[in-house]
């Protein structure tokens, strides 16, 4: 297979995987907080961030599935955790541990669009968790996170407004 064909195939696979996951994971929205009121929640399960433990990104440095017996219902979303300590930390400070921009890709937001991020493509910058649609958008973000964060912060209210329509 030629390098160009392999790259096209890889891009197509990434797009299809993202579209499939986005359709199943991010199709319904529930309330979370004032600016975070469009958190992506799986409509079939009610799970926020596909059942991943939001605190584990900070404490373990990786994406870990939470356990069904360690759930927390918070403003229309079910959050799962790996342990009681993570659940307690999140309950006290959800604004710290929940993904910024409700889990939408900050590159998409910077461009004025709501593009759901994926919980396996992530980074913590400035003590905030960000999800990305693809490895490419994460790489672009990491090249200049301050610029993308500042721009996304300015555009987020308009993007949120568009989600409510």
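The values are calculated or read from the model by the stated rules, or taken from the named source; none is laboratory data. Every value quoted in this text rests on a predicted model; they were computed, and no experiment measured them. Note that we place each Cβ from the backbone using ideal geometry, even for glycine, and neighbour counts take in every protein chain shown.
Listed values, structure above:
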item: Matching entry among 165, 136 (being more than 14 Å from the chain's Cα centre (by Cα) and at pLDDT below 95); result: 165
item: Pick from the range 62-77, criterion under 15 Å from the mean Cα position of the chain (by Cα) and modelled with pLDDT of 95 or more, ranking: nearest to residue 104 (Cα to Cα); result: 63
item: Scan of the range 69-94 for residues that are exposed (fewer than 15 other Cβ atoms within 10 Å of the Cβ), more than 19 Å from residue 46 (Cα to Cα) and touching a helix residue (DSSP H, G or I) at 6+ places or on another chain (Cβ under 9 Å), ordered by number; result: 85
item: Odd one out for residue 102, checked against (1) at pLDDT 95 or above; (2) under 15 Å from the mean Cα position of the chain (by Cα); (3) closer than 29 Å to residue 68 by Cα; result: (1)
item: Unique residue being touching a strand residue (DSSP E or B) at 6+ places or on another chain (Cβ under 8 Å) and touching a residue at least 60 places away in the same chain (Cβ under 8 Å) when the list is 95, 71, 135; result: 135
